[in-house]
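The values are calculated or read from the model by the stated rules, or taken from the named source; none is laboratory data. Small disclaimer: the values here were computed from a predicted structure and weren't measured. In this analysis, Cβ positions are derived from the backbone assuming ideal geometry, glycine residues included, and neighbour counts consider all displayed protein chains. Only protein heavy atoms, including side chains, enter the accessible area calculation; ligands, DNA and RNA are left aside. Shrake-Rupley method; radii C 1.70, N 1.55, O 1.52, S 1.80 Å.
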Amino acid sequence: MTISHHPPEDLLADFAAGKLEEAHQLVVGVHVAGCPRCTRFVQAIEQLAGAALEDVAPVPIATDAFDRVMSRIHEAPKEAVAPALASDTDDDVPPALRKYRIGKRRRVAPGLSLRPIELSGQGQARAFLLRSAPGSRMLEHTHTGTELTLVLEGSFSHEGGHFGPGDFDYGDDEVEHRPIVGNEGPCLCLVAMTGDLRMNGFLGRLIGPFVRL
Amino acid sequence: MDWADLIGRVASGGDREAFKRLFEHFAPRIKGLMLKAGCNAEEAEEIAQSTMIAVWRKAHQFDPATAGAAAWIFTIARNLRIDLFRRRMRADRLETGLELPDAPDQAEPADILISRGQDAARIASAIQQLSAEQSLVVRLSFIEERPHPEIARALGIPLGTVKSRIRLAMNRLRDILDEEA
Ligand SMILES: [Zn+2]
């Protein structure tokens, strides 16, 4: 897998610092996990953070903190709440997402369906898996917010280039694009999106009310 | 002090003295860094304590060949902070408790595990090639999460310079890492 489109550096640095909201952390994280180049960049930011941790002025902690920590260590670990797992036989769901609860597939337009990913509710962005039929031409659209897209299977192209498995696409409200899905098969993407999708043109206005992305 | 060595002693023999020295050094610094990154005092204290519990429990996972001790401890604290903030969101809705689980391994659905490569030396050398002022803006902006206008005031430089310096530092880091491929 040759990855040719990566997240911008400031997004990677925010990811490394744990600053991104959940949907963005997820999409950037799945890209990074499959991209040695971005893994190196994230590790470099983690190293800088380690240096910052060594240099920061220490702040006094609770006087009984060490004893409390030792007694918590010797208790049996509290049961962590096991998240509901997506089924293993679910071929839509990549391994990195198996820990998430993923909603039912919903058809949003001809040749286009999505499955919402349940997040904790923090932040403005929603995350979903988007599946589009091979060769389909998505309606021209603009965004009112940002859109982070990671290709999992198949491919699409738009004015910004060709995007195959592992590629990351970053769109904001300045981007107006009209992706065309490759003919080799359906295109499955992991998407984090804030704001709305605005369909342009006559057909867009016609089906717009039904496209609840 | 060789922190990696102390972590190794915790991993192999549950060495309480070694752990205490790690605790005394890192717990107050984790609390300090978390306060700078926007946590309140109670959250920073909880993250500091939970991080040290995870250091004890995960000591056997630490690989000194791929990560420095401080960077490794930072990643644990960062993941716990993400987890704490999500729990707080859920607690607001469901009125559940806020205390972090002591076994963060199983409770990190949001944490994509990044496979640790064997690039430690290369990453260290890339960081050393950043200028002092470049690594300082990266640290202030991304790790201490200070807003750009505050960084401008602290460094006595114009706001536009802060933004361009951060961008240059990021691009340079990427370039150096790519060059050495
Ligand atoms: Zn990448």
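Quick notes on this one:
- For the stretch B:45-61, 3J(HN,Hα) per residue [Karplus equation, 6.51 cos²θ - 1.76 cosθ + 1.60, θ = phi - 60°, Hz, x = Gly/Pro]: 5, 4, 5, 4, 5, 5, 4, 5, 4, 5, 4, 4, 6, 9, 3, 5, 7
- A crude spin-label estimate for the pair residue B:12 and residue A:124, with each label 7 Å from Cα along the Cβ direction, gives 5.3 nm.
- Sequence of A:40, A:126, B:165 from largest to smallest accessible area, 1.4 Å probe: A:126, B:165, A:40
- Peptide A:3-15 - average C-beta neighbours from other chains (10 Å radius): 3
- Computed over the alpha-carbon atoms, the stretch B:19-90 gives an Rg to Rh ratio of 0.97, Rh here being the Kirkwood radius from the mean inverse distance.
- Shielding of B:126-132 by partner chains, average beta-carbon count, 10 Å: 2
- Euclidean distance of C-alpha centroids, the stretch B:36-93 and the stretch A:1-73, integer Å: 10
- The mean number of Cβ atoms from other chains found within 10 Å of a Cβ in peptide A:59-71 is 6, as a whole number.
- Only protein heavy atoms count here, probed at 1.4 Å, and on that basis chains B and A bury about 6400 Å² of accessible area in total.
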